[in-house]
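What follows is a single structure, written as structure tokens, with notes after it.
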Amino acid sequence: MHPNTRRAAGAATFTATVAALVSTALHAADTQLDPIVVTATRQATRTNELTSDVSVITRDEIDQAGETTLAQLLARQPGIQYVANGGAGSNSGVFIRGANTNQSIVLIDGQRIGSATSGSAALSRIPLDQIERIEILRGPASSLYGADAIGGVIQIFTRRGEGPVRVNASTGYGSYHTTDTSVGIAGGTELLSYSVQAAYTNTDGFNAINNKKSLFYNRDRDGYYNRNLSASFAVRPAKGQELGVNLLLSKGTNQYDGNDFGTLGAAQPFSNDQNVGNYSIYSRNRLHQAWTSTLRLGRSTDDSKDYIGNFRDSIFNTTMDLVSWQHDIKLPVGEALLAYEYNRQKVSSTTDYTVTERTINSWLAGWNGNLDQHRLQFNLRHDDNSQFGGKSTGSAAYGYQFTPQWRAHISYGTAFRAPTFNELYFPALFGFAGGNPDLKPETAKNTEAGVNWEQGSHRASAVVYHNQVTDLIEFRPPTFTPVNVSKALLRGATLTYDGRFSEWGAGVALDFLDPRNEGNGPNKGNRLARRAEQQMSSYLSRSLGNWDLRGEWQLLGNRYEDPANRVRLGGYGLVNLYADYRLQRDWVLFARANNIFDKDYETADNYATAGANVFVGVRYAPK
């Protein structure tokens, strides 16, 4: 046989072998069930039946995150960028589809958390050790969850118990003298399920301010330590009847550099004690074969104290009380949702707010269902806020299943953000006007369309969106009075792929974002601060005997620190590596290296980020 003929035959054989392996992998994966999520509809729904843009982070992915913060983990997901004022424990937030950090909401076990003074959740105080899974809903969701869901919703589910009694534990050590130790016990039967988890983390950190000319620069290490506990108990005395309790408590202290501009007259070591709590009790009862009622009573707390040295400087505490009664009713076609919510927000502070409490009464209704290849979802909600009155929002979505693999959707929704207590009632100080009690909510109108391809463990999607935000609150000089005068346009596209080929796994997400100031001021047409126009996040993994290996590559384009677009933050690329080795059936030795090429970058001007760092540990996790 001629050599060229042999090479052609060899190539054809190789191609056929690869095609057969791919076909086998896809066919084998077809038997897997699609995951079930609740955040997109407030009802259990399979992901392949959704008419919205949703991601899920599993416990396995969290285990592979090492000493990554929650904000950093979220920023590896499609459509999300993050900002932080330093290392672990520092003030941080996420932009979902370009929306402000206070234009998205965070739920823990179905209950909202956050500060009513700043309007944001303390992501730095939510420990990964206590999280079972995370669901991310991108796009406006006020018609489901009320105020502040302009960019989307992040729902965190704490760890649960099922099956035989299991003890789990993990401990590790890494760069910046970082330690993290956790231990827990969980289990369950048809009658009872339970989980109790406790963890402690400590790090010396690094200097949060990297600009020596900054008024806040202080040459020291800004460390962080945190103690946290979660617990869940549920009892099912009869089929379809369940009573349960959930709690999460996180107490953390971080150091940062500040300047009181007073008697000390120079940068000083400041510290912040911030405790976050989430407590709820619920009763889920099947009243009829087609009717389930869920009554939930809960409280979330966000208590913050700042210190200059050993002297307490300020206190900002928020308490949110929640009553929620939801009814899920199965109809001949689809499923209906009816619910009432009562929320009381109360603040206490060393700052003399003119008003310290407000209440929100909410009614919502929805329906979602399938009609042959057609999928529909409708939601309507009215929030009656004691500060600004009533606000109604709605959404409608339509999807079509073209083939078993291909589906598409289009949707329209409205959303709003309620003004914070700082924007409304902060007292006038040092020539600044203070809050404005006449502020209106910020509002948004979003249209999006998407297409999904799914076959077994392989998934790809493309989503485009156009979100017009009006009545944005802006602090106008010279007195910096907050007023509803600005507008913004958030438009973009997200492309994703995730899949497995035998022992290999791979995924990539590409984001293209155009976040523009549409107001009439001097910054009209400028890009919104701290948002990049391009972002890429990818990974490649392989299982090799007792080894699990993973590599990650992230790219982020340039950003601007200021609305005037004069202070430019350069783009950056990060490479992270993870490996674990199963010593025995239940014992795993793991290691993670972040930023392995020691990239120097900033998410906020003058604030440092971690250089190359490593964390190694051992985990006991019975299967």
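The values are calculated or read from the model by the stated rules, or taken from the named source; none is laboratory data. For clarity, every value in this text was computed on a predicted model and none was experimentally measured. Positions of Cβ are backbone-derived with ideal geometry, glycine not excepted, and every protein chain shown enters the neighbour counts. With ligands, DNA and RNA removed, areas are computed over all heavy atoms of the protein, side chains included. Shrake-Rupley method; radii C 1.70, N 1.55, O 1.52, S 1.80 Å.
Straight-line reach from Lys213: taking Cα to Cα under 29 Å and skipping same-chain neighbours fewer than 8 places apart, the lysines in range are Lys305, Lys599. Note on Phe402/Ala506: beta-carbon distance plugged into 1/(1 + (r/R0)^6) with R0 of 30 Å gives a FRET efficiency of 0.75.
Order Ile185, Ile410 by their accessible area, 1.4 angstrom probe, all chains in place, largest first.
Details: Ile185 70, Ile410 90 Å².
In descending accessible area the options line up as Ile410, Ile185.
When you filter the chymotrypsin sites (Phe, Trp or Tyr not before Pro) in region 548-599 for DSSP loop state and at most 10 other Cβ atoms inside 10 Å of their Cβ, you are left with Phe597. Which pairs in the list Lys330/Lys391; Lys391/Lys445; Lys440/Lys487; Lys346/Lys445 are over 20 Å apart, alpha-carbon to alpha-carbon? Long pairs (Cα-Cα over 20 Å): Lys330/Lys391; Lys346/Lys445.
Starting from the Cα gyration tensor of region 479-623, take the square roots of the eigenvalues, sort them a ≥ b ≥ c, and report rounded, prolate or oblate (rounded when a/c is under 1.5, otherwise prolate if a/b is larger than b/c, else oblate).
prolate
Here region 448-483 is scanned for amide nitrogen atoms under 18 Å from the site 7 Å beyond the Cα of Phe432 along Cα-to-Cβ, giving 473-483. Using a probe of 1.4 angstrom and keeping all protein chains present, the accessible surface of the chain works out to 45 square angstrom per residue.
Computed from the Cβ-Cβ distance with R0 of 56 Å, the FRET efficiency linking Gln289 to Lys213 stands at 0.20. Can you give me the distance in nm between label points at Asn565 and Val464, each placed 7 Å from the Cα along the Cα-to-Cβ direction? Going from the Asn565 label point to the Val464 one covers 2.2 nm.
At a 1.4 Å probe, what is the % contribution of carbon and sulfur to the accessible area of region 521-623?
For region 521-623, the apolar C and S fraction of the accessible surface comes to 54 percent.
Overall form of the chain: rounded. Here a/c, set by the Cα gyration tensor axes a ≥ b ≥ c, is under 1.5.
When the chain is fully extended, how far beyond the present Cα-Cα distance does Trp587 get from Leu544, taking 0.36 nm per residue of separation? Can you show the working numbers first?
On the way: separation 43, 0.36 × 43 = 15.48 nm, distance 1.65 nm.
Between Trp587 and Leu544, full extension yields an extra 13.8 nm.
First check a/c for region 27-103, with a ≥ b ≥ c the square roots of the eigenvalues of its C-alpha gyration tensor; if it is under 1.5, answer rounded, and if not, answer prolate when a/b is larger than b/c or oblate otherwise.
Values: a/c = 2.82, a/b = 1.62, b/c = 1.74.
Since a/c reaches 1.5 but b/c is at least a/b, the shape of region 27-103 is classed as oblate.
Subtracting the Cα-Cα distance of Asp313 and Phe480 from 0.36 nm times their residue separation leaves 57.8 nm of extension gain. Here the calculated FRET efficiency for Asp598 and Lys623, from their Cβ-Cβ distance with R0 = 41 Å, stands at 0.65, rounded to the nearest 0.05. Hey, quick one: spin label on Lys346, modelled 7 Å out along Cα-Cβ, who in region 280-318 has an amide N within reach, i.e. under 19 Å? Flagged as within label range: 280-281, 297-305, 315-318.
For the chain, the 222 nm mean residue ellipticity estimated from helices alone, with every DSSP H stretch of n ≥ 4 adding -39500 (n - 2.57) and the total spread over all residues, rounds to -2000 deg cm²/dmol.
Look at where the Cα atoms of region 553-623 and of region 376-422 average out, and the two centres are 34 Å apart. Taking the protein heavy atoms of region 236-372 in the context of the full set of protein chains, the accessible area attributed to carbon and sulfur is 55 percent at 1.4 Å. In a DSSP loop and with at most 13 other Cβ atoms within 10 Å, the chymotrypsin sites (Phe, Trp or Tyr not before Pro) in region 424-472 are Phe430.
Roughly how many percent of the accessible protein surface of region 452-499 is carbon and sulfur, given a 1.4 Å probe and a whole-percent answer? It would help to have the intermediate numbers written out before the result.
On the way: 1250 of 2050 Å².
Carbon and sulfur atoms account for 61 percent of the accessible area of region 452-499.
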